[in-house]
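None of the figures in this text is laboratory data; all of them are computed from the coordinates on show. Values in this document were obtained by computation on a predicted structure and should not be read as measured data. Positions of Cβ are backbone-derived with ideal geometry, glycine not excepted, and every protein chain shown enters the neighbour counts.
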2 protein chains.
Amino acid sequence: MLSHNQIKLIRSLKQKKSRQSHRLFVVEGLKSIEEFSHSNYLIKEIYTVDANIADKLGGFLISTKQMSQISFLKTPNVVLALVEIPLPEKFKENGLLLALDDVSDPGNLGTIIRLCDWFGVAHLICSENTVDCYNEKVVQASMGSLTRVQVHYLDLAEFIKQYNGKVFGAFMDGEVIYKQTLPENALVIMGNEGQGISEHIEQLVQEKVCIPQFGSDKPVESLNVATATAIILNEFRRSVY
Amino acid sequence: MLSHNQIKLIRSLKQKKSRQSHRLFVVEGLKSIEEFSHSNYLIKEIYTVDANIADKLGGFLISTKQMSQISFLKTPNVVLALVEIPLPEKFKENGLLLALDDVSDPGNLGTIIRLCDWFGVAHLICSENTVDCYNEKVVQASMGSLTRVQVHYLDLAEFIKQYNGKVFGAFMDGEVIYKQTLPENALVIMGNEGQGISEHIEQLVQEKVCIPQFGSDKPVESLNVATATAIILNEFRRSVY
């Protein structure tokens with residue numbers, strides 16, 4: 001039921017290049033696959049070691065050994081799906097938008113996609129060097145939220161230049177966010193884990209904001225980008241609650 | 001410079017039981033070790049593959065092969081330290097206190113310790129079943145913040161019963177936190193990743209709070225406990241800023 005070529009194809013989907021050329025990515029676990037199957041995503045194939053799941057979802061029954069050959073997890077799940085990567089779509093730039101300037105950690109991107117889902121941010125803009133949202137670790141960490149948040153990879157500087165609303169960016173030396181007027185329509189930019197927001201993007205930011213540090217005078221390096229995103233999205237939402 | 005018995009001892013420190021009987025834990029990486037050496041923690045031994053570091057910090061020079069035998073990291077760092085676990089201390093229960101009810105993921109605890117450091121929460125109370133803060137993954141994720149935040153393992157129910165301030169807890173069905181009066185002296189309880197706050201602790205909570213969900217009507221499972229902690233600590237701090 002699973003040819004050598006299919007195994008080779010699935011394993012190749014760990015690489016972004018292969019995902020892009022085949023327009024396919026891997027989703028593992030029943031709960032996530034069900035979320036994708038109830039969304040606009042198109043499921044191309046399902047492989048499972050569980051006959052009930054094979055029946056229910058119309059998947060191929062494979063052996064545990066075969067599953068361990070195609071799974072990207074240390075402890076393979078009982079079911080794995082190949083899902084089609086959608087074509088880029090135009091989107092409306094109203095409401096609250098979040099943009100990432102070269103975020104590189106898959107776990108951070110996955111957490112940020114979950115946060116967008118929680119806070120009702122429908123569109124996440126990613127600079128072209130931001131980690132791919134169809135990377136298996138991002139899919140895993142986003143826990144199905146990828147089905148409800150549209151992720152757009154594009155030239156971030158060009159996007160900002162043509163954007164009509166106010167542009168906010170998170171900086172260590174920004175104005176305390178509690179004191180800012182945070183509008184309903186806004187673009188919020190979060191930077192890379194080590195470098196923060198890059199210089200050419202910084203020049204396009206209208207309002208620099210920061211989350212103040214409390215207590216201890218010894219400096220904490222900085223908040224993790226996903227944690228900082230959680231606080232900043234909460235600030236925007238609470239201000240219009 | 002590194003006997004078979006020493007290697008065996010260090011490797012055993014992956015287990016909580018061994019850490020507790022030896023009152024020792026492992027810290028890896030120059031930056032973290034320097035933070036521990038400038039804190040109240042006592043460094044017992046330093047092992048490094050770098051002669052300059054050995055000179056500077058007074059450590060033992062070992063081979064790369066030996067480092068790979070004692071390191072807990074996939075890619076060993078150049079320096080590893082054995083640090084003494086401090087004895088439990090009494091502490092003042094004023095200001096903002098955070099308590100964890102059986103948080104089990106080391107990465108989450110590490111992130112929460114960093115958050116306490118950022119938001120000036122000097123004492124973190126952990127139920128006895130919360131993951132050990134000297135677990136190497138917690139030490140790694142807390143990035144030195146463990147040197148500035150005191151973590152106390154104790155009977156959480158007993159602690160709450162004798163606590164004098166107001167007791168808040170995070171629940172999916174709590175009151176929206178934006179609308180609450182959040183005092184400067186308070187105890188905030190966060191629950192386990194899967195189960196939330198346990199029933200016997202819930203009965204001791206005076207104010208149930210939640211972070212509201214926005215947008216999409218399809219429910220997001222819940223916010224990750226570290227992310228929710230970030231938002232809730234920020235809410236307490238902003239209210240007295």
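Kindly identify segment A:1-54 as rounded, prolate or oblate by the Cα gyration tensor criterion: order the square roots of the eigenvalues as a ≥ b ≥ c, call it rounded if a/c is under 1.5, otherwise compare a/b with b/c, prolate if a/b is larger, else oblate.
On the way: a/c = 2.35, a/b = 1.24, b/c = 1.90.
In terms of gyration-tensor shape, oblate.
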Given a cut-off of under 8 Å on Cα pairs at least six residues apart, what relative contact order in percent is computed for segment B:96-238? 29
Label geometry 7 Å along the beta-carbon vector: B:Ser12 inter-copy distances in nm: 5.1
For B:Ser198, which sequence-distant residues (separation of 5 or more, or a different chain) have an amide H within less than 5 Å of its own amide H, given hydrogens modelled in the peptide plane? B:Asn192
Choice from A:Ala228, A:Ala122, A:Ala54 with maximal GNM fluctuation in chain A (Cα, 10 Å cutoff): A:Ala54
With T = 25 °C, eta = 0.890 mPa s and Kirkwood Rh from C-alpha pairs, the Stokes-Einstein D of the protein assembly as shown in µm²/s is about 101
Chain A, rotation onto B, residue closest to that axis via Cβ, with its distance in Å: A:Ala230, 2
For segment B:158-167, in order, what is each residue's ³J(HN,Hα) by Karplus, 6.51 cos²θ - 1.76 cosθ + 1.60 with θ = phi - 60°, in whole Hz (x at glycine and Pro)? 4, 4, 5, 4, 9, 6, 8, x, 7, 10
Using the 2.2 N^0.38 Å rule of thumb for compact globular proteins, work out how segment B:167-241 stacks up: its C-alpha Rg over that value, please. 1.08
Final fewest-first order of B:Asp117, A:Asp155, B:Asp105 on the 10 Å Cβ neighbour count is A:Asp155, B:Asp105, B:Asp117
Run through the other copies and list how far each one's label point is from that of A:Lys179, in nm with one decimal, shortest first; the point sits 7 Å from Cα along Cα-Cβ. 3.0
³J(HN,Hα) across segment B:129-138 via Karplus (A = 6.51, B = -1.76, C = 1.60, θ = phi - 60°), whole Hz, x for Gly/Pro? 8, 5, 4, 5, 6, 9, 3, 4, 6, 5
By the Cα gyration tensor axes a ≥ b ≥ c (a/c under 1.5 gives rounded; else a/b larger than b/c gives prolate, otherwise oblate), the shape of segment A:31-103 is prolate
Pick from B:Glu184, B:Glu84, B:Glu199: which is most flexible by mean-square fluctuation in a GNM of chain B where alpha carbon atoms under 10 Å apart are linked? B:Glu199
Return the long-range amide H neighbours of B:Gly174 (sequence gap of 5 or more, or a different chain), with a cut-off of under 5 Å between placed amide H atoms. B:Cys210
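Evaluate the relative contact order of segment B:4-84 (contact order divided by residue number), counting alpha-carbon pairs under 8 angstrom at least 6 apart; express in whole percent. Can you show the working numbers first?
Details: 114 pairs, mean separation 32.1, N = 81.
About 40 percent, as a whole number.
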Compare A:Ala170, A:Ala81, A:Ala51 in a GNM of chain A, Cα atoms joined below 10 Å, and give the one with the largest fluctuation. A:Ala51
Nm distances between copies for A:His152, ranked from closest, using label points 7 Å along Cα→Cβ: 5.1
Loop-located trypsin sites (Lys or Arg not before Pro) in segment A:151-241 whose Cβ has at most 14 other Cβ within 10 Å (DSSP): none
Relative contact order (%) - chain B, alpha-carbon pairs under 8 angstrom, separation at least six: 19
For A:Lys14, which aspartates and glutamates qualify as cross-link partners when the Cα separation must be under 17 Å and same-chain residues fewer than eight apart are set aside? A:Glu28, A:Glu45, A:Glu84, A:Asp105, A:Asp132, A:Glu136
Would you mind checking which residues have amide H under 5 Å from A:Glu45's amide H? H placed 1.01 Å from N; only 5 or more apart, or other chain. A:Leu82
Under the rule of -39500 (n - 2.57) per DSSP H run of 4 or more residues, summed and divided by the residues of chain A, what mean residue ellipticity at 222 nm is obtained, to the nearest 500 deg cm²/dmol? -9500 deg cm²/dmol
If you average the alpha carbon positions of segment A:61-80 and of segment A:181-241, how far apart do those two centres end up, in angstrom? 40
For chain A, percent of DSSP beta bridges that are antiparallel (nearest 5) comes out at 30
In segment A:53-129, the trypsin sites (Lys or Arg not before Pro) that fall in loop regions by DSSP, at most 11 other Cβ within 10 Å: A:Lys74, A:Lys90, A:Lys92
Rounded to whole Hz, the Karplus (6.51, -1.76, 1.60) HN-Hα couplings of segment B:178-188, x for glycine and proline: 4, 9, 8, 7, 10, x, 5, 9, 7, 10, 10
Cross-link table A:Lys8/A:Lys65; A:Lys161/A:Lys208; A:Lys65/B:Lys16; B:Lys44/B:Lys74, entries beyond 26 Å C-alpha to C-alpha: A:Lys65/B:Lys16
List the residue ranges in chain B for DSSP H helices whose C-alpha atoms run 15 angstrom or more along the long axis and whose Kyte-Doolittle average is -1.0 or above. B:106-118, B:225-238
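In terms of the Cα gyration tensor, with a ≥ b ≥ c the square roots of its eigenvalues, is segment A:96-239 rounded because a/c is under 1.5, prolate because a/b exceeds b/c, or oblate?
It is rounded, given that a/c, with a ≥ b ≥ c, falls under 1.5.
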Within the protein assembly as shown, the percent of DSSP beta bridges that are antiparallel, given to the nearest 5, stands at 30
